[in-house]
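Worksheet for the structure shown next.
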Amino acid sequence: MDIWLDTTDIQLVHKAVKLGIVAGVTTNPSLIAKANRNQEEIVDDLLHAQEGPVAIQVLATDMEEMVQQGQMLYSLSNRLIIKIPLTQEGIESIHLLSRQGIPTMATAIFHPRQALLAALAGANYVAPYISRIEKIGENPWKVLQSISHIFHSYRMKTKILGASLQTIDHLLQCAECGISGVTVHKELFDKFVESEEHTLQAVQQFSLEGEKYPFLFAVK
Ligand code: E4P
């Protein structure tokens, strides 16, 4: 399962690149607003900080503007993936962009029917919003399983990227569902890669015991 970073934080991207576990980066208008920096500059930094794709979301909500923004964004780099919220306008935008060879990610997915529509329209990715689905009282794992089942049944090439994750449990359940990837924010990424307490204790014990007999470890 690929790990994407849901961030505009370049330091975090550097950290994940060093660990060798970053497949790409996603952003959204809230993250750009929080960073309070020009979107184009952020995109440029994210493209330089890692080798994978960067998914960038259109701000417009009507079809013509969404397509126009998507085209303008894609002209910055062919490593960009255009994120389109899966509204009815979004379906048409995905269709038009995909016919121009512009890769898209249907975002803010809450229901399998939206994922099916996105795939039919030509989306390369669908991003179901795990914690937000939970918050509205629905079962995100049923949603994921349903999407996976539909895509698998019809051999659809659209990939599933679990988004809006809040916990390690969310991340592991996504992995158990066998989806293509997840996108994680900074706090979750830090928790994901932190050393496990019991592992640290085991290492300390090995060090203490081994250090009593250093000559046994000499490499000849
Ligand atoms: C996905 O690409 C979105 O940017 C993101 O995962 C939304 O997450 P949130 O619910 O934490 O805002």
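Brief remarks follow.
- Residues of the range 91-113 that turn out to be crowded, with 22+ Cβ neighbours inside 10 Å and out of contact with any helix residue (DSSP H, G or I) (no Cβ under 7 Å at 6 or more places or on another chain), as a count: 2
- Of residues in the range 78-120 being more than 17 Å from Val58 (Cα to Cα) and aliphatic (A, V, I, L, M), the one farthest from the ligand (Cβ to nearest atom): Leu120
- Only a single criterion out of (1) of a type in the set (Ser, Thr, Tyr); (2) touching a residue at least 24 places away in the same chain (Cβ under 8 Å); (3) farther than 30 Å from Val67 by Cα is not satisfied by Ser131, namely (3).
- Residues satisfying the stated conditions in the range 163-192, i.e. polar (S, T, N, Q) and farther than 18 Å from Ala55 by Cα: Gln166, Thr167, Gln173
- Members of the range 30-40 found to be more than 14 Å from Ile10 (Cβ to Cβ) and near the ligand (Cβ under 9 Å from one of its atoms), listed by number: Ser30
- Single condition Val43 does not satisfy, out of (1) surrounded by 15 or more Cβ atoms within 10 Å (Cβ to Cβ); (2) within 13 Å of the ligand (Cβ to nearest atom): (2)
- Test set (1) surrounded by 11 or more Cβ atoms within 10 Å (Cβ to Cβ); (2) more than 11 Å from the ligand (Cβ to nearest atom); (3) of a type outside the set (Ser, Thr, Tyr) - Glu209 fails condition number: (1)
- Top-ranked residue of the range 154-181 - restricted to ones that are in a loop (DSSP other than H, G, I, E, B) and among the charged types (D, E, K, R), ranked as surrounded by the fewest Cβ atoms within 10 Å (Cβ to Cβ): Arg155
- Among the candidates Val13, Val22, residue that is part of a loop (DSSP other than H, G, I, E, B), surrounded by 17 or more Cβ atoms within 10 Å (Cβ to Cβ) and more than 13 Å from the ligand (Cβ to nearest atom): Val22
None of the figures in this text is laboratory data; all of them are computed from the coordinates on show. Nothing here was measured: the structure is a model prediction, and the numbers come from that model. For neighbour counting, all protein chains shown are included, and Cβ atoms are generated from backbone atoms with ideal geometry for every residue, glycine included.
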